Structure formats: C-alpha cells, structure tokens
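Student: Starting off with a structure, shown below.
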Amino acid sequence: MRKIIFALAAVSALAATPALANETRVEVRGGVIWSGGSSEDVWGGAVGYDFDLGSSAFAGAEVSGDVIGASGSKVAFGFTGRAGAKLGEKSKLYAAGGYTTEFCTACGGNWHAGAGFEQGFGKNFYGKVEYRHFFDGTFSDADAVVVGLGLKF
C-alpha cells in the first residue's frame, strides 16, 4: 500500500508544474465497502486534476488505487471523472463516475457512480467524504463510503 501512495504522490508532484493554472491533488482515503450483507474496510489513494469552469463550477479526472481489507483482494485501479459546484472558496459538491478494475482474482471490473463533498483546510489541504455505487451487472452490486485527506498543488 505504501508503494501505491508513494507512486501517486510522485506522479502528482511531477504534474504540479507552474504552468498549471487550476488544481492538481493527491489524497489518501479509507472507509467501508458493502455488498450482499457483508462489509469490509477499503483503503487507497488517488491523484487528480480539477479544471475551473467559471467561478462556480469545476470538472476533473482522477486515477486511484484501492484495496479491500479481505484476504484474496488486490489493488483495484479506478478511472473517474467528476463535475460539480464550488460552494464557496474552499468547498466543492460533486458527482463522479467511471470504471474500477477488479478487486479480486475471481471478480470482474465495475462501472461506478457516486457523489461527494470536499472541504479545504488552510491553503493546500482538504478533506472529503464520498459515496460510490459499483455496478457489476448482477444483484451483487456494491456500495462504498470513504473519507479522504489530501494536498492540492
């Protein structure tokens, strides 16, 4: 897990050049994922970039790596777009959607959709809460709620 977080931080540091006018971010997160009456912890990190769409809206993309605490799980990589409203200088409310690779060898990849709230603290730090629903095409869809802490560049 540390390797993933360090790799995500390195990629975001390379992407955070002075030529970028908007916002590169890197975060770590943890929470719970549940499906079919059982739940497990989930941990990971993400690197993303948000583009300003005027003074009150934004859109962005992120690449993430998350792992479920259950034995037999592996890192699932997510590719997510998000768009939302700026609720002030440091607050964002957004919808998100994308694709996540399989969490385990016997699992398949999943499309996901959700929503979140992000709140800035100080100049470059933020916290967030996000919900995601994973669609696997059967009756065993999964849901997750995570909280994250991040750094903006």
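Student: Write out, first by first residue and then by second, each pair whose Cβ atoms fall under 8 Å of each other, whose residues are 6+ apart or on separate chains, and whose first residue, in the stretch 77-99, is more than 16 Å from TYR131 (Cβ to Cβ) and in contact (Cβ under 8 Å) with a residue 12 or more places away in the chain while the second is surrounded by 13 or more Cβ atoms within 10 Å (Cβ to Cβ) and basic (Lys, Arg).
Tutor: From residues that are more than 16 Å from TYR131 (Cβ to Cβ) and in contact (Cβ under 8 Å) with a residue 12 or more places away in the chain, the pairs are ALA85/LYS92; LYS86/LYS92.
Student: Can I ask one more? State whether the residues of the stretch 4-26 include one that is at pLDDT 90 or above, of a type in the set (Val, Ile, Thr), buried (at least 20 other Cβ atoms within 10 Å of the Cβ) and within 12 Å of the chain's Cα centre (by Cα). Show your work before the answer.
Tutor: Keep residues of the stretch 4-26 that are at pLDDT 90 or above, which gives 23-26.
Among the residues that remain, those that are also of a type in the set (Val, Ile, Thr) are: 24, 26.
Filter again for buried (at least 20 other Cβ atoms within 10 Å of the Cβ), leaving 24, 26.
Then drop every residue that is not within 12 Å of the chain's Cα centre (by Cα), which leaves 26.
Yes, that holds for at least one residue.
Student: Among LYS74, LYS92, LYS86, LYS123, which is buried (at least 19 other Cβ atoms within 10 Å of the Cβ), of a type outside the set (Ser, Thr, Tyr) and over 15 Å from the mean Cα position of the chain (by Cα)? Even if it seems obvious, please write down each step before you answer.
Tutor: Values: LYS74 fails: buried (at least 19 other Cβ atoms within 10 Å of the Cβ); LYS92 fails: over 15 Å from the mean Cα position of the chain (by Cα); LYS123 fails: buried (at least 19 other Cβ atoms within 10 Å of the Cβ).
Residue meeting the stated conditions: LYS86.
Student: Is at least one residue of the stretch 97-105 more than 30 Å from SER55 (Cα to Cα) and acidic (Asp, Glu)?
Tutor: Narrowing the stretch 97-105 to residues more than 30 Å from SER55 (Cα to Cα): 100-105.
Subsequent filtering for residues that are acidic (Asp, Glu) retains 102.
The answer is yes; a qualifying residue exists.
Student: Additional query: For the condition in contact with a Gly (Cβ under 6 Å, 6 or more places away or on another chain) and assigned to a loop (DSSP other than H, G, I, E, B), what is the one hit in GLU102, GLU62, GLU130, GLU89? Even if it seems obvious, please write down each step before you answer.
Tutor: On the way: GLU62 fails: assigned to a loop (DSSP other than H, G, I, E, B); GLU130 fails: assigned to a loop (DSSP other than H, G, I, E, B); GLU89 fails: in contact with a Gly (Cβ under 6 Å, 6 or more places away or on another chain).
Answer to the selection: GLU102.
The values are calculated or read from the model by the stated rules, or taken from the named source; none is laboratory data. Treat the numbers as computed from the prediction; the structure is a model and nothing was measured. For neighbour counting, all protein chains shown are included, and Cβ atoms are generated from backbone atoms with ideal geometry for every residue, glycine included.
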